[in-house]
Amino acid sequence: MSGGVTEAALAVARAVAAPHPRRAGTGARLGASAVNRLAPLLGLAGLLALWFAGGLVLESVPAYAAFAGFAPGPALASFAELIASGEAWRAAAPSLARIGQGLAAAFLLGAPLGLLVGSAPLAERILQPPFQLLRMISPLAWMPVAVLAFPSWDGAIVFLIAAAAIWPILFSTAAGVKRVDPVWLAMARNLGAGRLAALRAVIVPAVLQDILTGLRLALGVAWIVLVPAEYLGVTSGLGYAINDARDTLSYDRLAALVLLIGLIGYALDSVLGRLAARARWIPTS
């Protein structure tokens, strides 16, 4: 009898020690969720490690000693000084204003043209060749034209930003219109909706995610064009601050400004990415 009791006790112990299938599944899901959340931090940690490695090379090689300010230590100290003194905001505010104006102009022109190109095959055949030709021209190639055409440097910079940002918005909007389910449009017509009503009630909500995705892509292009565009005659903005740091050989400040540009651009891109992810439209039946 004692043997039976012993075997029963061992069976109970094994049952207690063995992981419950549901608990094991929950633990695996929690582990996968934790890994997914930590993945971006791991990527940033890898980038920081590469920066530190590059800083060690700059500090250890005499030929690169003049550029030691690019190392993480001096750059992060200068970045903290930029934030504490308010210089970061004073440099970023004019650039953000120019980006906002350029993106607004690109959106007001590019979104309607995208709706036209996507919904009218004849318009697409007429406009596609010139649009593709203009898209392939570097926005910075328009600098001499912009300087001659606009009375102020700010106007020229906003034009260059708009010239860079319009194409992602236009083509993303047109692609979204082409993907609109024809059944939705047929239902709208059957309910008595005209072209403008169908545009307002069906097409625009259906392509809103594509428009925001195009705007997000446009922001990336515009943010890249901004810095060289601000090398023009302006005396404010992130591009001007970068140029000034280069001319004064303040490499720690230059690296801090580069970090600031990256962080602001990442934040803006994240906001538009979240908006685009939430803009998926499903028509109600």
Rounded to a whole number, what % of the accessible area of the range 29-120 do carbon and sulfur atoms account for, probe 1.4 Å?
76 percent
With every protein chain kept in place and a 1.4 Å probe, the residues Met136, Met143, Met187 fall, from largest accessible area down, as Met136, Met187, Met143
Quick one: ranking Leu122, Leu108, Leu115, Leu238 by accessible area, 1.4 Å probe, largest first, what do you get?
Leu108, Leu122, Leu115, Leu238
Per residue Cα convex hull volume in Å³ - calculated over the range 74-277
130 Å³
Given Cβ charges of +1 for Lys and Arg and -1 for Asp and Glu, the option among Leu268, Gly114, Leu257 whose Cα lies farthest towards the positive end of the dipole of the range 74-277 is Gly114
Candidate cut points under trypsin sites (Lys or Arg not before Pro) in the range 113-186, DSSP loop plus at most 13 other Cβ atoms within 10 Å of their own Cβ, are Arg179
How large is ³J(HN,Hα) for each residue in the range 249-260, as worked out from phi by the Karplus curve 6.51 cos²θ - 1.76 cosθ + 1.60 (θ = phi - 60°), to whole Hz, x for Gly and Pro?
6, 8, 6, 5, 5, 4, 5, 5, 5, 4, 4, 4
Roughly speaking, what % of Cα-Cα pairs in the range 75-182 are separated by over 15 Å, rounded to a whole number?
71 percent
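The values are calculated or read from the model by the stated rules, or taken from the named source; none is laboratory data. Computed from a predicted structure; not experimentally measured. Positions of Cβ are backbone-derived with ideal geometry, glycine not excepted, and every protein chain shown enters the neighbour counts. Ligands, DNA and RNA are excluded from the accessible area calculation, which covers all protein heavy atoms including side chains. Shrake-Rupley method; radii C 1.70, N 1.55, O 1.52, S 1.80 Å.
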